[in-house]
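The values are calculated or read from the model by the stated rules, or taken from the named source; none is laboratory data. None of the values given here were measured: they were computed from a predicted structure. Quick reminder, even Gly has a Cβ in these numbers, built from the backbone with ideal geometry, and neighbours come from all protein chains shown. The protein model used for the area step is the full one, side chains on, heavy atoms only, and it has no ligands, DNA or RNA in it. Shrake-Rupley method; radii C 1.70, N 1.55, O 1.52, S 1.80 Å.
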Amino acid sequence: MKRLSAYLPSLITSILLILLMICSMGIVIADINITSKRTIALSEKKDISEKTAVQLERRFREISGSSGIPAEVYTKNLDKEYIQSVINVYINAGYSSLKSGEKMDADIPENEELDRAIDEFFNTLADETGYEKNEIFYKKLGDTKEKTYQIIGETCDIYKFSALEKHGVLGSVSKIYRIKPLLVFAFVGGTLMLILLLIFINRRDKKTFLYWTGICAAIAGAIGMMPSIYLISTRYFNAFSIKQPQIFAAYTGAMFKLTEAFMAASIAVCAAGITLLVLYAVIGVRKAEIDLGSNNEDQRVMNKK
């Protein structure tokens with residue numbers, strides 16, 4: 001390790017290896033967790049459908065004054081299961097758009113009970129007031145249903161995929177998301193290549209490879225742990241200013257989930273690094289004992305002569 005010809009290349013390679021280890025942890029964590037399946041599971045775990053139901057009730061009460069339709073006509077027919085199904089539709093549609101780069105297509109499932117309740121309200125009101133059920137009547141009924149599903153969709157789109165697509169953000173992110181497997185291969189492959197390079201550089205003293213790799217892993221893990229611990233311990237993401245509770249819960253929940261996963265990966269990498277350093281020390285001590293024993297034996301032989 002003290003030879004300059006091996007020390008400088010090992011030092012430079014180690015610096016690059018630390019950076020690649022951190023990047024590899026980040027991209028692998030993103031690849032594992034940023035999927036429609038994981039996102040849906042997180043929304044169910046955080047019971048976001050309950051928060052969405054509260055927000056829907058609030059929105060329908062706000063428009064009841066202008067529409068003349070009581071909020072109960074809508075809310076009594078919007079259970080958590082239906083709301084979760086709409087949330088899932090938008091999550092799946094958003095990820096499909098990210099994967100394909102095509103326009104987002106979110107087909108909100110029909111709610112027969114809701115449609116029936118709106119029909120009953122219009123028909124009852126028309127019968128009571130003597131309003132003629134003509135083309136204007138049915139157009140207003142259709143427009144009301146369309147507006148209702150629009151509000152449901154906007155509220156259940158907890159990650160605002162539609163808004164992101166409208167502003168061109170989804171399309172830009174899609175270009176990166178589609179090459180995610182390639183990024184994983186590049187960063188992880190680059191990390192392995194640098195480790196092999198360290199083995200080659202220290203081929204004359206193979207145990208030194210354990211030292212350099214252990215140091216890199218310990219430092220990379222420590223660098224990853226420090227900001228993660230700070231973000232989680234201070235509940236940093238709770239300071240986000242998002243008015244709608246279901247969107248706040250969705251985004252902060254996702255941020256904490258990714259941070260926790262990155263911290264766990266950092267701890268594992270740091271522990272692996274420390275293990276390699278301990279192994280290097282044990283091998284070094286063992287080798288020193290063997291060399292000392294060999295020298296003592298040689299000395300006894302010389303004394304006998």
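Quick one: would you say I242 is without any contact (Cβ under 8 Å) to a residue 24 or more places away in the chain and of a type in the set (V, I, T)?
Details: without any contact (Cβ under 8 Å) to a residue 24 or more places away in the chain: yes; of a type in the set (V, I, T): yes.
Here the answer is yes, as I242 does meet what is asked.
Any residue in segment 41-57 that is of a type in the set (D, E, K, R) and within 19 Å of A117 (Cβ to Cβ)?
Kept after step one, since they are of a type in the set (D, E, K, R), are these residues of segment 41-57: 44-47, 50-51, 57.
Filter again for within 19 Å of A117 (Cβ to Cβ), leaving 57.
The answer is yes, given that some residue of segment 41-57 is of a type in the set (D, E, K, R) and within 19 Å of A117 (Cβ to Cβ).
Within segment 122-129, is even one residue farther than 30 Å from V173 by Cα, open to solvent by 50 Å² or more (accessible area, probe 1.4 Å), in a helix (DSSP H, G or I) and in contact with an Asp or Glu (Cβ under 8 Å, 6 or more places away or on another chain)?
Checked segment 122-129: no residue is farther than 30 Å from V173 by Cα, open to solvent by 50 Å² or more (accessible area, probe 1.4 Å), in a helix (DSSP H, G or I) and in contact with an Asp or Glu (Cβ under 8 Å, 6 or more places away or on another chain).
Would it be correct to say that V73 is touching a Gly at 6+ places or on another chain (Cβ under 8 Å), in contact (Cβ under 8 Å) with a residue 40 or more places away in the chain and in a helix (DSSP H, G or I)?
Working: touching a Gly at 6+ places or on another chain (Cβ under 8 Å): no; in contact (Cβ under 8 Å) with a residue 40 or more places away in the chain: yes; in a helix (DSSP H, G or I): yes.
In short, no.
Conditions: (1) open to solvent by less than 30 Å² (accessible area, probe 1.4 Å); (2) over 23 Å from D119 (Cβ atoms); (3) not aromatic (F, W, Y). L78 meets all but one. Number of the miss?
Of the numbered conditions (1) open to solvent by less than 30 Å² (accessible area, probe 1.4 Å); (2) over 23 Å from D119 (Cβ atoms); (3) not aromatic (F, W, Y), the odd one out for L78 is (2).
If you check A106, A117, A93, which single one turns out to be open to solvent by less than 70 Å² (accessible area, probe 1.4 Å), among the small types (G, A, S) and assigned to a loop (DSSP other than H, G, I, E, B)? Break it down stepwise before answering.
Numbers: A117 fails: assigned to a loop (DSSP other than H, G, I, E, B); A93 fails: assigned to a loop (DSSP other than H, G, I, E, B).
Testing whether each residue is open to solvent by less than 70 Å² (accessible area, probe 1.4 Å), among the small types (G, A, S) and assigned to a loop (DSSP other than H, G, I, E, B) leaves just A106.
Regarding E72, is this residue among the acidic types (D, E), over 15 Å from the mean Cα position of the chain (by Cα), at pLDDT below 95 and surrounded by 15 or more Cβ atoms within 10 Å (Cβ to Cβ)? Before the answer, list the steps.
On the way: among the acidic types (D, E): yes; over 15 Å from the mean Cα position of the chain (by Cα): yes; at pLDDT below 95: yes; surrounded by 15 or more Cβ atoms within 10 Å (Cβ to Cβ): no.
Spelling it out, it is not the case that E72 is among the acidic types (D, E), over 15 Å from the mean Cα position of the chain (by Cα), at pLDDT below 95 and surrounded by 15 or more Cβ atoms within 10 Å (Cβ to Cβ).
Among (1) loosely packed, with under 14 Cβ neighbours inside 10 Å; (2) more than 20 Å from C270 (Cβ to Cβ); (3) at pLDDT 95 or above, where does F240 come up short?
So the condition that F240 fails would be (3).
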